[in-house]
Each structure stands twice: as structure tokens, then as C-alpha cells.
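Notes for the one structure printed next.
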Amino acid sequence: MTPIDEASDMKITVSHDTNVEEKAAAEGEIGIKPKVHFSLLGAIGVQYSVTSAPIAIGAYLSLAIGLGGSPAYFWGFFMVGFFQLFVCLATAELASAIPHSSGELSKPLYAQRIRYCRTNQSIPPQQKGPAYWAIALASPEYSRGLGYIMGWLTNAGWFFVSAASTLYPAQITMGLIEAAFPDFTAKSWQTYLLYVCFALLYLFFNLPRIFRSVNLLLRIVVFAVNGTAIYLLVSLLVRTGHKQSAQFVFVDFVNESGWSSNGVVFFLALLPAVGCLSGFDNATHLTDELENPRKQVPQVILGSFVMSYFTALPMIIVYQFCNVEPGSLLTAPGNQPIIQLMLSAFRSFAMTAFGTSMIIFCFFIAGTSALISWSRLYWSFSAQGALPFSTTMSKLSSRDALPVNALCWNTALICAIGAISIGSTTAMNALLGAANLCILSTFAMVFGLLLYRGRKSLDPERWFNLGRWGDFIVLISLLWVMLISVILCLPLYLPVTPEAMNWTSAVFAGVLILAGAYWLCVFSRKTCG
């Protein structure tokens, strides 16, 4: 193995003459090294489809009715896009400076990790995203604990994203059925069965051999999402007879939330935009399966964000101008306001069915992408023994180097948590808020560590460098992420009732409790060996 010179800034990789023990650590103790599965466009498809911003923003139309109305919906998105750009830039620089494909690190960081592994400090070589960055940036004595909790939070976050990405197409499909048969009202168990069907379909397309077609689907979905947005944009503008006024869209603020402060209501109305312009760590989970992650991961993060923002912003304007019957969104088929918007504007079930079918297809690919992302994250964390059944979940299939065990287990967990929807729709609706809080909290920690360590500790030869503005961008990102994390925990309506309760903070606390219990009972006893 190439000697480690701590004074050098050169990059090193695990070479072919690495001994058995070191190679096992570098490949996640699985014996099979990941293969390159994704092209640049395919990786953009994974990142872009999970949010599907120009389509998904329409799913929140009913939320805006009492929380600020159309002005908060539009100007809030404009504001979120501005500040999320800072987060996007900071994340892209970290992804370029600290990639993690097959154990690649700058020499100083790699040497630091080897030293503390030899002193029984377990520092995972295959962590992904914020957890990996926390390990690389934190002081050695805190690396293990921070990496562990960041890994649990990111896994929980993407668990909830995957569950929400399975629930949405199931609910929209049921909404379409209710629109076709007005006398039919879907039962919660029927929606759950459809939910399980979608989960199993996601798993099917992620299995060996079948997975080879997924890269094509991921490239197609970029055009499918934008094509669906164009269909909705043109059709809504053409078919809507009497459109709303500019006063309604940009000026008339509505506060029916129970909050006395319009300022608080405006910030609460930011949550749909945050959900559509987030998930920046998604592409980092694919690092091991990209040809040149130092360059391609930042490109995916930046490209997807720009596309999401500039496609969703005009769609908000179109949705609001064509929202001819705002009150009807509260009684939409299957509680899906985007379907009711099309029914009211198109005055044609055929056009509504076609638009809804396109949305379902895009959300189907989004769910497949979410499972891809979470399975890679789960596999990498299991390779460190940091999750239950880690020995089994850290293995890859011999044929296509896919985490089949993790995929099957993740699907089982998605089906299990989906059963909550039978008894409580409110609990399932808390998933997306909890997902954002889990992931944002890891970003807050990473940005704080980066400011503490200084950006001079990053690889000076990184492909994407923010230059002299970097510290300012990271600081703004940290403050913004902390603000949004607080807002995510506030109730949307007052007075608080069990039905209107925001359970995000409770779910977040539950994740921390589970992580702490596993640390005390299992992980704290493990060493590098």
C-alpha cells in the first residue's frame, strides 16, 4: 500500500496491493466492490425525480389557502429558492472536496482516520453524505459519535422520504379513481394495498438484471417531469376560462391559521417550497456508482436545483392564476388538490386523467429513485455495523454489485410504516416534515464543523471551489437551515388538536432515542478490530 505522508496534499486511493484487512474496510467489509451504474444524466434523474418540483408543488395547493394564500405560496417559493441556493452551493463544494468513492480521501484526513482506528476508534470508511463529512471534519475524539448520529439521522430521513414517495402515487391513483367514480370513496386499507403494490414495484425495478433498465428510465424521467409540467402549463392556460386576478395571485394575503402574526404564517407557508427544493445529499449516495464523483456529484446537485427552481416557479404562477375555485381544493377527490385543479380548469375528465397518469408515472420513478438512494445509504452504514442486521445488509449481489439485501429490508420497512396510514393519516403526513428535519439537522452540523475547521482544511484541488465567498455562503446556509428546522416543528394551525398537531419533533426525538439505544446496547462495544 502507498505510504501515507501527512504533509502532502496529494490524493490516494486504495490500491490493488492493499492487504486483505484494509481492502475489506475500504470496500465496506463486503468483498464486492460497487460498479459504475449511473451516467451523469441518470444521476440527475435520481436527484431531480425525487423532488419533481414543478409537479410536486401542485400537491400543496390546498395548504396555501389558509396559510398566506397565493402570495405566500409564490413569494415564499421565491425566497426559499434564494436561500436554498446557498445550501446547494455549500453542499456542492463539500461533495467535490470530500468525495467518498472506494475509500478515496485527501492524505491528511485519511492518515487521521487510520491513526484513530488503531486506537479503537471506529471511523467508517464508507459513510455517505453529511455523516461522512461530519467524520472528516470533526475532531478525532468526536468523529465516531458524530458520524454515528449523523448516519442514523440521514438514514431515518431517507426512510421517511421513501415512505412518502410511496404514499403519494398511491393517494393520487385513488384520487383519480374517485374522480372517475364520484360515488366511490376510497378506504384507508385500499390505499394501503396500493401503497404496498408501489413499494414492491420499486423493489422489482431495483433487482439484478432488471436494474439495468433503470438508468434509461432515470434519463427519461428528466424529460417526463418537464414534459408533464409543459402539458399542465399549456393546458391550464388554454382551458381555464376565467382566470384569477394578479391581485389574488401576488397581493391578497390570507391568514386563517389561528396565528395572530402574519409573519409567522408567511414562514409556515415556506414548507412546501422547502420540500420541493431540498434533498441535496441525494446524489452523494451514488458516489460509488459514478465514473467521476468529484466532478459529477456537484454537477448533479447544481443542475438539479437550477432545473427544479426554474421549472417550479412559473408553474406556481400558472397554478394560482388557473385556480378558479380555491374552496373546492379542500374537498378534492382523494384529497388531491392537483386533480381538482385540473377538473375545474379543464372541464374534461379525459384531460384530467391523462395529466394525472403522467404525474403518477413521474412519482413512480421518484419512488424508485428514493429507494435507490436510501438502499445505498443503508448499505454503507450497515458496513460499519451501525444498524441492526448489519452483517446481512452490508453485502452486495455478486452479479451486479447491488445491495439486494438492503433493498429487500428497506422495502419491508416501507411497507411496515405504511400500515400507520390505516389508522392515522396525520401520522403519515408527518413523514415528510420529519424527513426534512432529520436531513437538515445533519447539514447544520456539517456546516458548523466546516466553519469551525475552516475551508482551508478542504482539498485545494477540488473541482468546485467557492473561493473567497465560501465562508459567507456556508454561514448563511447554516443560519437558514437552523431557521427552517425550527419552523418545521411549529403547528400549522391554532389551537392545536390531535388532528392538526405537528408530530415532526416527536418523530425526530424517536429517531434519536432509537439511535441512542442501539449505541448503548450494540455499537459502542464495537471497535476496528
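Report, to the nearest 10°, how far helix 69-97 tilts away from the longest principal axis of the Cα atoms in the chain, using its own Cα long axis and a range of 0 to 90°.
Approximately 10 degrees, to the nearest ten.
Relative to the longest principal Cα axis of the chain, at what angle does helix 425-453 sit, 0 to 90 degrees, rounded to 10?
Roughly 40 degrees between the two axes.
Would you mind computing, in nm to one decimal, how far apart the modelled labels at Thr497 and Leu479 are, each placed 7 Å from Cα along Cα→Cβ?
3.9
Karplus couplings for the stretch 181-198 from phi (6.51 cos²θ - 1.76 cosθ + 1.60, θ = phi - 60°), rounded to Hz, Gly and Pro as x?
For the stretch 181-198, the Karplus-derived couplings read 10, x, 7, 8, 10, 5, 8, 4, 5, 5, 5, 5, 4, 5, 4, 5, 4, 5 Hz, x marking Gly and Pro.
Taking GluC sites (Glu not before Pro) as candidate sites, keep only those in a DSSP loop with at most 12 other Cβ atoms within 10 Å, then name the longest stretch of the chain containing none of them.
On the way: sites that count: Glu6, Glu256, Glu291, Glu499.
That gives 7-255 as the longest site-free run.
Can you send over the carbon and sulfur percentage of the accessible area for the chain, probe radius 1.4 Å, protein chains only? Let's see the in-between values first.
Numbers: 13570 of 20570 Å².
Carbon plus sulfur share of accessible area: 66 percent.
For the peptides 403-412, 334-343, what is the packing order when you average, over each peptide's residues, the other Cβ atoms within 10 Å and list the highest mean first?
334-343, 403-412
Find the eigenvalues of the gyration tensor of the Cα atoms of the stretch 251-328, then list the square roots of 5 times those eigenvalues as equivalent ellipsoid semi-axes, largest first, in whole angstrom.
Numbers: eigenvalues 253, 51, 17 Å².
Values for the stretch 251-328, descending: 36, 16, 9 Å.
What is the spread of the Cα atoms of the stretch 135-208 along each of their three principal axes, largest first, in whole Å?
Cα extents, longest axis first: 63, 29, 17 Å.
For the ranges 488-498, 195-205, what's the packing order if you count other beta-carbon atoms within 10 Å of each residue, average per peptide, and put the highest first?
The peptides rank, most packed first, as 195-205, 488-498.
List the trypsin sites (Lys or Arg not before Pro) in the stretch 198-264 that DSSP assigns to loop (not H, G, I, E or B) and whose Cβ has at most 14 other Cβ atoms within 10 Å. Which are they?
Arg209
Take Leu413 and Val264, extend 7 Å from each Cα along the Cα→Cβ direction, and tell me the distance between the two endpoints in nm.
Computed distance between label sites Leu413 and Val264 equals 3.5 nm.
For n ≥ 4 DSSP H runs only, could you compute -39500 (n - 2.57) per run for the chain, divide by its residues and tell me the 222 nm figure to the nearest 500?
-21000 deg cm²/dmol
Only Cα pairs under 8 Å and at least 6 apart count here; give the relative contact order of the chain as a rounded whole percent.
On the way: 851 pairs, mean separation 162.9, N = 529.
Value for the chain: 31 percent.
Along each principal axis of its Cα atoms, how long is the chain end to end? Whole angstroms, biggest number first, please.
Projected onto its principal axes, the Cα set of the chain covers 73, 47, 40 Å.
Any idea of the accessible area per residue across the chain, 1.4 Å probe, to the nearest Å²? Present the calculation step by step, with values, prior to reporting the outcome.
On the way: 20570 Å² over 529 residues.
With the other protein chains kept in place, the chain gives 39 Å² per residue.
The values are calculated or read from the model by the stated rules, or taken from the named source; none is laboratory data. Since the model is a prediction, treat every value here as computed from it, not as a measurement. So basically every Cβ, Gly included, is an ideal-geometry build from the backbone, and we count neighbours across all protein chains shown. Areas reflect the complete protein model, heavy atoms only, side chains present, ligands, DNA and RNA absent. Shrake-Rupley method; radii C 1.70, N 1.55, O 1.52, S 1.80 Å.
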